[in-house]
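Asks: Here's a structure for you.
The values are calculated or read from the model by the stated rules, or taken from the named source; none is laboratory data. Bear in mind that the values here come from a model prediction, so they are computed numbers and not experimental data. Positions of Cβ are generated from backbone atoms using ideal geometry, with glycine treated the same way; all protein chains shown enter the neighbour counts. Accessible surface is based on the protein model in full, side chains and every heavy atom, while ligands, DNA and RNA are left aside. Shrake-Rupley method; radii C 1.70, N 1.55, O 1.52, S 1.80 Å.
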Amino acid sequence: MAEVKPEDMVHHPPMDQLQGFEYCIDSNPSWGEAIALGFQHYILSLGTAVMIPTMLVPLMGGNDHDKGRVVQTLLFVTGIKTLLQTLFGTRLPTIIGGSYAFVVPILSIIRDPSLAQIADGHTRFVQTMRAIQGSLIVSSSIQIILGYSQLWAICSRFFSPLGMVPVVALVGLGLFERGFPVVGRCVEIGLPMLILFVALSQYLKHVNVRHVPVLERFSLLICVALVWVYAHILTASGAYKHTALLTQFSCRTDRANLISSALWISIPFPLQWGAPTFSANHAFGMMAAVVVSLIETTGAFMAAARLASATPPPAYVLSRGIGWQGIGTLLDGLFGTGTGSTVSVENVGLLGSTRVGSRRVIQISAGFMIFFSMLGKFGALFASIPFPIFAAIYCVMFGIVAAVGLSFLQFTNMNSMRNLCIVGVSLFLGLSIPEYFSRYTTSAQQGPAHTKAGWFNDYINSVFSSPPTVALIVAVLLDNTLDVREAARDRGMPWWARFRTFRGDSRNEEFYTLPFNLNRFFPPS
């Protein structure tokens, strides 16, 4: 075997920004491309916007019409929150959608005896929604205070590239249950979608039409359209007529009943379900979900910054974004979306898949959300796409976000046993502890914490059911207590230090400065 020459050994130096992006955070494609890409992000965001109400509204006593209104409201508020975040928050190209982190405290509210005993289904739905609204309004104060007081910026000073690796990685990996397990509910639709999407977006990505890589940029739209038509043909031909109810629910294109129950024109408005009701027990429980979504959002912001070819968001910008997310959760409570806010991880992954990290594209997507949420029938048409189609896309998008988290390893010394231990233990416990909580809850119909104090149960069960939250607790604790003085370089702190303050790197002003010359009134620190 020939000896390898030193000059033939490839060395890849660490890079602050990902390379190969044609459009980064502050550069824009043509208006035609931007509109098509924005619509593509809108289609992808429909998965979570439909899944959460589909799961929760029936448990609340609501019917198909109630579910349709909640879906419309969630999309409408998602559009508003996204515009606020991209204009005045971190300014990263992120969609601020519904969060699964709020499911645990919301289920506690649904099971509250004072609500569960209401006989009439619609009345129980309205009363439960009002209780959820009150809890979201009160708990949103946590993010607002932590964000605008810059307390979260102070907390983030304990983060290092090494500590962020498991957090960002598990923002993607922690959602594995929404990937192939959902694809498996309807393999004949989900698997072709997965294979077709990988083939078009990766293997055929160099196919150009008028110098535009159409398949790389728009493979999601093309694949969804083709497989959706295929699924409709299977539905219309009676392929699922005699199958199990779960199979019909997953595979049929007419099972959601969203189109028939949606109004032609319906504009969501604050307090549309009535005046919120407030309970200290419910509000304290909801605060745990707010903390979880704050941590998950922090990891997603870090991933979005790299996939938008920007520098890591400084502590000041990160805290500003958390403050605006708190405003978003407040809007969730006022409008009644049935859940709180977080960054849409799948849309962050799509930035990497299309190699377009433009902020304008996400703002156009927010416009589509607001527009189609008011035109109920048209929005419901797109929302009727079977879940396995979205799950197939998630298999790729969540994987990209997880890989972005692992890319932070390039700034650390992974020949250090200390670092190997911290990353390995935090990744393992970040997956293992939430899995224990999930299995316990499934078998016992209650979380491992089931004391008489409901708010305490919600705290423990929410926090330890979130992989990124567990990873943050373990990684940051170990990273800041284990041989800290001798390990600054190994942790990646020399590289990280200049991105901790707004003026630490000249590029920060380009990416994160507020529009309309607002920095004169709100100078960055």
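Asks: Residues that are touching a residue at least 40 places away in the same chain (Cβ under 8 Å): find the helices (runs of 4 or more DSSP H) completely inside segment 71-150 holding 1 or more of those. So that I can check it myself, show each step before the final result.
Replies: Details: elements: 103-110, 113-116, 121-148.
Ranges flagged: 103-110, 121-148.
Asks: Any residue in segment 156-167 that is under 26 Å from residue 105 (Cβ atoms), at pLDDT below 95, part of a helix (DSSP H, G or I) and open to solvent by 40 Å² or more (accessible area, probe 1.4 Å)?
Replies: No: zero hits.
Asks: Any residue that is farther than 25 Å from residue 382 by Cα, surrounded by fewer than 19 Cβ atoms within 10 Å (Cβ to Cβ) and of a type in the set (Ser, Thr, Tyr) - is there at least one of those in segment 228-237? Before the answer, list the steps.
Replies: Filtering segment 228-237 for residues farther than 25 Å from residue 382 by Cα gives none.
Scanning segment 228-237, I find no residue that is farther than 25 Å from residue 382 by Cα, surrounded by fewer than 19 Cβ atoms within 10 Å (Cβ to Cβ) and of a type in the set (Ser, Thr, Tyr), so the answer is no.
Asks: While we're looking at this one, here's another question. List the pairs whose first member sits in segment 405-425 and is within 18 Å of residue 298 (Cβ to Cβ), whose second member is open to solvent by less than 50 Å² (accessible area, probe 1.4 Å) and part of a loop (DSSP other than H, G, I, E, B), and whose Cβ atoms are under 6 Å apart, counting only residues at least 6 apart or on separate chains?
Replies: Taking only residues 6 or more apart or on different chains, the pairs are 411/492.
Asks: Of everything in segment 406-463 that's out of contact with any Pro (no Cβ under 9 Å at 6 or more places or on another chain), closer than 30 Å to residue 12 by Cα and among the hydroxyl-bearing types (Ser, Thr, Tyr), which residue is least open to solvent (accessible area, probe 1.4 Å)?
Replies: Top of the filtered list is 416.
Asks: Looking for whichever is more than 25 Å from residue 452 (Cβ to Cβ) and of a type in the set (D, E, K, R) here; the options are 112, 120. Which one fits? Explain how you work it out, then say what you get.
Replies: Values: 112 fails: more than 25 Å from residue 452 (Cβ to Cβ).
Answer to the check: 120.
Asks: Return yes when residue 267 is open to solvent by 50 Å² or more (accessible area, probe 1.4 Å), on the phi < 0 side of the Ramachandran plot and in contact with a helix residue (DSSP H, G or I) (Cβ under 8 Å, 6 or more places away or on another chain) and no when it is not.
Replies: Numbers: open to solvent by 50 Å² or more (accessible area, probe 1.4 Å): yes; on the phi < 0 side of the Ramachandran plot: yes; in contact with a helix residue (DSSP H, G or I) (Cβ under 8 Å, 6 or more places away or on another chain): yes.
Answer is yes for this residue.
Asks: Quick check: anything in segment 351-369 touching a Cys at 6+ places or on another chain (Cβ under 8 Å) and in contact (Cβ under 8 Å) with a residue 40 or more places away in the chain?
Replies: Yes: one or more hits.
Asks: Looking only at segment 464-475, count every residue that is open to solvent by less than 30 Å² (accessible area, probe 1.4 Å) and either in a helix (DSSP H, G or I) or under 15 Å from residue 159 (Cβ atoms) (or both) and tell me the total. Spell out the reasoning first.
Replies: Initial filter on segment 464-475 (open to solvent by less than 30 Å² (accessible area, probe 1.4 Å)): 466-472, 474-475.
Among the residues that remain, those that are also either in a helix (DSSP H, G or I) or under 15 Å from residue 159 (Cβ atoms) (or both) are: 467-472, 474-475.
Qualifying residue count, segment 464-475: 8.
Asks: Only one residue in 103, 182, 126 is farther than 27 Å from residue 272 by Cα and open to solvent by less than 40 Å² (accessible area, probe 1.4 Å). Which one?
Replies: Values: 103 fails: farther than 27 Å from residue 272 by Cα; 126 fails: farther than 27 Å from residue 272 by Cα.
Checking each option against the conditions leaves just 182.
Asks: Can you find a residue that is within 30 Å of residue 102 (Cα to Cα), out of contact with any strand residue (DSSP E or B) (no Cβ under 9 Å at 6 or more places or on another chain) and in a helix (DSSP H, G or I) anywhere in segment 486-496?
Replies: The initial filter retains those residues of segment 486-496 that are within 30 Å of residue 102 (Cα to Cα), namely none.
Looking for residues that are within 30 Å of residue 102 (Cα to Cα), out of contact with any strand residue (DSSP E or B) (no Cβ under 9 Å at 6 or more places or on another chain) and in a helix (DSSP H, G or I), one finds none in segment 486-496, hence no.
Asks: When segment 72-100 is examined, which residues are found to be among the small types (Gly, Ala, Ser), over 17 Å from residue 371 (Cβ atoms) and within 12 Å of the chain's Cα centre (by Cα)? I'd like the intermediate steps shown before the answer.
Replies: Filtering segment 72-100 down to residues among the small types (Gly, Ala, Ser) leaves 79, 89, 97-99.
Now drop any that are not over 17 Å from residue 371 (Cβ atoms), which leaves 89, 98-99.
Of everything in segment 72-100, those that are among the small types (Gly, Ala, Ser), over 17 Å from residue 371 (Cβ atoms) and within 12 Å of the chain's Cα centre (by Cα) turn out to be 98, 99.
Asks: If you don't mind, another one. Just the residues that are among the hydrophobic types (A, V, I, L, M, F, W, C) and farther than 24 Å from residue 293 by Cβ, please, taken from segment 106-124.
Replies: Listed by number, the residues that qualify are 116, 118, 119.
Asks: Could I ask something else about it? Answer yes or no as to whether residue 376 is open to solvent by less than 10 Å² (accessible area, probe 1.4 Å) and over 21 Å from the mean Cα position of the chain (by Cα). Give the derivation first.
Replies: Details: open to solvent by less than 10 Å² (accessible area, probe 1.4 Å): yes; over 21 Å from the mean Cα position of the chain (by Cα): yes.
Yes.
Asks: With the condition kept exactly as written, say whether any residue in segment 478-498 is within 25 Å of the chain's Cα centre (by Cα) and either free of Cβ contacts under 8 Å to residues at least 12 places away in the same chain or open to solvent by 30 Å² or more (accessible area, probe 1.4 Å) (or both).
Replies: no
Asks: Take residues that are among the basic types (Lys, Arg) and tell me which of the helices (runs of 4 or more DSSP H) falling wholly in segment 363-463 contain 2 or more.
Replies: Numbers: elements: 376-383, 387-407, 417-444, 454-463.
In segment 363-463, the matching helices (runs of 4 or more DSSP H) lie at 417-444.
Asks: When segment 208-221 is examined, which residues are found to be surrounded by 13 or more Cβ atoms within 10 Å (Cβ to Cβ) and either in contact with a Cys (Cβ under 7 Å, 6 or more places away or on another chain) or not in a helix (DSSP H, G or I) (or both)?
Replies: To start, the set of residues in segment 208-221 that are surrounded by 13 or more Cβ atoms within 10 Å (Cβ to Cβ) comprises 212-221.
Within segment 208-221, 212, 213 qualify.
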